[in-house]
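The values are calculated or read from the model by the stated rules, or taken from the named source; none is laboratory data. Every value quoted in this text rests on a predicted model; they were computed, and no experiment measured them. Every residue, glycine as well, gets a Cβ built from its backbone with ideal geometry; the counts of neighbours run over all protein chains shown.
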Amino acid sequence: MSIHKEVKRVTTHTLQEMKQRGEKITMLTAYDYSMATILDDAGLDVLLVGDSASNVMAGHETTLPITLDQMIYHASSVVRAVKRSFVVVDLPFGSYQGNSREALNSAIRIMKESGAHGVKLEGGTEISESVRRIITAGIPVMGHLGLTPQSIYKFGTYTVRAKETEEAEKLIADALVLQESGCFAIVLEKIPAKLAKIVSEKISIPTIGIGAGADCDGQVLVVNDMIGLTKGFHPRFLRQYINLYEGIKDAAQNFIQDVKSKDFPNENEQY
Ligand code: KIV
């Protein structure tokens with residue numbers, strides 16, 4: 001008999017049960033093996049291989065340039081690290097907007113080549129055919145409404161969405177369509193807390209908020225932002241739990257000093 005306790009993997013079913021019993025869902029982004037190892041060990045329910053990798057890993061201004069191959073590379077690294085968390089991968093810009101066949105092919109590539117557990121797509125009614133087709137192939141889909149960064153050139157800014165009645169009503173309708181299409185959860189990004197509460201109460205699948213208030217069924221942050229790696233990024237919705245930018249800079253400066261002063265390596269640090 002093994003003395004090691006079996007790790008119970010998080011599934012879409014687990015997340016649904018969490019909503020039903022009012023237990024909040026935790027999700028952070030992850031893009032590489034080392035970080036995913038720590039986050040999985042910490043007990044995150046979901047790891048999102050977000051296309052925010054385009055910003056925080058590659059230094060692009062928007063999420064648009066990242067490719068499907070690059071997302072698969074990040075996702076494979078995360079999947080190799082994970083024992084418990086549910087891994088969701090963003091379909092990048094240009095890999096699903098054409099038609100539902102293209103969307104399905106992209107989702108299949110992600111699942112086959114990375115071993116991830118589900119995909120995320122931005123948009124509502126306009127992508128519902130793609131959502132249905134992907135789910136029909138057995139792939140879990142997470143929706144994403146509100147501020148959808150892949151449409152940044154349509155919006156023009158990263159400010160709060162759906163403050164006006166017309167856009168708020170469309171968002172509620174879109175959430176219902178995504179639920180009917182079979183999504184297992186929906187990310188609500190940067191919308192008024194009151195609207196997020198209405199959506200979270202109206203639909204039976206979990207909502208996961210970022211800048212959408214406390215009444216979502218779960219919360220997500222970009223990990224680089226919440227550990228203070230992203231220099232000078234302090235939006236109101238972000239809680240920074242540690243300042244790794246300063247910590248790493250400090251460590252690097254100490255290393256420089258130790259090498260220059262010939263303090264490193266010492267006798268015990270050589271062969
Ligand atoms: O790409 C990403 O990191 C995301 C989160 C902000 C939800 O989509």
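Quick look at the numbers
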item	result
Any hit, segment 16-28, residues being more than 16 Å from the ligand (Cβ to nearest atom), closer than 20 Å to Asp217 by Cα and surrounded by 18 or more Cβ atoms within 10 Å (Cβ to Cβ)	yes
Matching residues, segment 98-108, being in contact (Cβ under 8 Å) with a residue 24 or more places away in the chain and either of a type in the set (Gly, Ala, Ser) or buried (at least 17 other Cβ atoms within 10 Å of the Cβ) (or both)	Ser100, Ala103, Leu104, Ser106, Ala107
Enumeration of residues in segment 75-92 that are crowded, with 24+ Cβ neighbours inside 10 Å and small (Gly, Ala, Ser)	Ala75, Ser85
Residues satisfying the stated conditions in segment 37-72, i.e. within 13 Å of the ligand (Cβ to nearest atom) and among the aliphatic types (A, V, I, L, M)	Val46, Leu47, Leu48, Val49, Ala53, Val56, Met57, Ala58, Leu64, Ile66, Met71
Elements of type strands (runs of 3 or more DSSP E) contained in segment 1-90, each with 3 or more residues being touching a His at 6+ places or on another chain (Cβ under 7 Å) and not assigned by TED's automatic domain parsing to the domain that holds Gly218	none
